[in-house]
Amino acid sequence: MASSLTNAPFASGIVVYCRAGFESEAAQELDATAAAAGVAGFARTERNAGFAEFVLTQQGAPDALLRLFGWSRLIFARQSLAVIGQFKALPREDRLTPLLAALPAGFQVGDVWVETPDTDASKPLTAFCRSFNNAFVQQLRRSGALDPRSPWRLHALFPTGERCLLGLALIDHSAPWHQGIPRLKFPREAPSRSTLKLDEALQVLLNAGERERWFKPGMSAVDLGAAPGGWTWQLVRRGLHVTAVDNGPMDEGLMASGLVTHKREDGFRFQPRQRVEWMVCDMVEQPRRVAARMAEWLAAGWCHRSVFNLKLPMKKRYLEVQQAFEAMQATVAAAGRELEIRAKQLYHDREEITVFAQTR
Ligand SMILES: C[S@@+](CC[C@H](N)C(=O)[O-])C[C@H]1O[C@@H](n2cnc3c(N)ncnc32)[C@H](O)[C@@H]1O
């Protein structure tokens, strides 16, 4: 059977990659997305698998499914794929033939990525993935199934050496990193490792055009809970003037940039004298309290845009996030503004998610 976009095979479900330990949140999100769109099926997970699945009652066109369960729309998904094949026991002597047989004649992909879930148990498979990826590319090329103009990327996810989920991603609407993990290098001059979190947030939550338009030298920002300055460093690197709010000390090298004003004040009470382009916040506090303060800023128009962390509670993490966002929407709507929220559990996030919010 072929689907509408080119002649892609139909999909039996969706698989998303996630942080190990957050399969249940990823599954709840898949269930909620399906329920809202009236798509029948059920989510399933395995503990610490590093991925979650949504199994469709009826097969669907992968492009339509990927629009609905798109990576950028899901908080707990690092990557989102339409599943076109499930293999429980691939023969070790020839894993390739059964996988190739799942592709209909004439169907072409632009690339193929062989991956494992991001778990300790799957780490020993890294070398196998690399060599199998090369063999897969060669075989696809030989059979004419590789065409750089194709919108599709084929993914082979190996939780074990014998088990494989074969999936499709739309190249322009998927995470452009292997395993959905941007490999960022820690900048040696940055004052803390937290700097990678804001860097990753900007890579994942914004597109290239937004990063360029929304960060221009001379713009202003407030960093709440700034010390020692990893997030401030990212803003200064982009030429922004930053008011860093924290009782703790800021990095001396960063202060020498001349672009930072340090205020030893309470981040929950601080108000800017003038509207700023950006407010970022990395204060470790209850998610509801942080979300409420972020909403106050956006509702009052003290900032255009914000990036902040929400620490997740031990239980009902998905519900807590939904409630925090609903409360934010209500606060901003009451001020006559419209709020856009994008959120992701980043690779550098542990028991937390990172949120981008802007008023329109
Ligand atoms: C995780 S650290 C921030 C790290 C920082 N983003 C970086 O990249 O270096 C949290 C910071 O929030 C600050 N903080 C917590 N509660 C605060 C409050 N009510 N007002 C101001 N700062 C606060 C702490 O002093 C601490 O420096």
Inset, instruction - Putting +1 on Lys and Arg Cβ atoms and -1 on Asp and Glu Cβ atoms, find which of 56, 45, 154 reaches farthest to the positive end of the dipole of the chain. - result: 154
Legend entry - Gain on full stretching of the segment that runs from residue 131 to residue 264 - 0.36 nm per residue minus C-alpha separation: 42.5 nm
Legend entry - For segment 258-351: rounded, prolate or oblate by the Cα gyration tensor [a/c cutoff 1.5]: oblate
Inset, instruction - Note the full-extension length gain between residue 171 and residue 68 as 0.36 nm times their separation in residues minus their Cα-Cα distance, in nm to one decimal. - result: 35.5 nm
Inset, instruction - Let me have the 222 nm mean residue ellipticity of the chain computed from DSSP H runs of 4+ only, each contributing -39500 (n - 2.57), with the sum over all residues rounded to the nearest 500. - result: -9000 deg cm²/dmol
Inset, instruction - Would you check the accessible area of residue 160, probe 1.4 Å, heavy atoms only, in square angstrom rounded to 10? - result: 60 Å²
Inset, instruction - Using a 10 angstrom cutoff on alpha carbons, build the Gaussian network for the chain and name the most mobile of 197, 185, 311. - result: 185
Legend entry - Test item: Cα-centred dipole of the chain, Lys/Arg +1 and Asp/Glu -1 on Cβ, debye: 300 debye
Inset, instruction - Take the alpha carbon gyration tensor of segment 195-359, find the square roots of its eigenvalues, order them as a ≥ b ≥ c, and report rounded if a/c is under 1.5; if not, report prolate when a/b exceeds b/c, else oblate. - result: rounded
Inset, instruction - Could you order 172, 94 so the one with the most accessible surface comes first? Probe is 1.4 Å. - result: 172, 94
Inset, instruction - Classify the chain as rounded, prolate or oblate, taking a ≥ b ≥ c as the square roots of the eigenvalues of its Cα gyration tensor: rounded when a/c is under 1.5, otherwise prolate if a/b is larger than b/c and oblate if not. - result: prolate
Inset, instruction - Keeping the other protein chains in place, figure out the carbon and sulfur percent of the accessible area of the chain, with a 1.4 Å probe. - result: 50 percent
Inset, instruction - Tell me the GluC sites (Glu not before Pro) within segment 125-212 that lie in a loop according to DSSP and have at most 14 other beta-carbon atoms within 10 Å. - result: 162, 189
Inset, instruction - Determine the gain in length on full extension of the stretch residue 337-residue 120; use 0.36 nm per residue of separation and subtract their C-alpha separation, reporting nm with one decimal. - result: 73.6 nm
Inset, instruction - Assuming R0 = 56 Å, can you tell me the calculated FRET efficiency for the pair residue 100 and residue 212, based on Cβ-Cβ distance, to the nearest 0.05? - result: 0.85
Legend entry - Cα-based helix-to-principal-axis angle, 287-300 vs the chain, degrees rounded to 10: 70 degrees
Inset, instruction - Excluding residues fewer than 8 places away in the same chain, name every one of the lysines whose C-alpha is closer than 26 Å to that of residue 263. - result: 197, 216, 311
Inset, instruction - Send over a whole-number figure in Å² for the accessible area per residue of segment 237-309, probe 1.4 Å. - result: 50 Å²
Legend entry - Per-residue HN-Hα couplings for segment 168-175 [Karplus 6.51, -1.76, 1.60; θ = phi - 60°; Hz; x = Gly/Pro]: 10, 10, 8, 3, 6, 10, 9, 5
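The values are calculated or read from the model by the stated rules, or taken from the named source; none is laboratory data. Source: prediction; values computed, not measured. Backbone-built Cβ (ideal geometry, glycine too); neighbour counts: all protein chains shown. The protein model used for the area step is the full one, side chains on, heavy atoms only, and it has no ligands, DNA or RNA in it. Shrake-Rupley method; radii C 1.70, N 1.55, O 1.52, S 1.80 Å.
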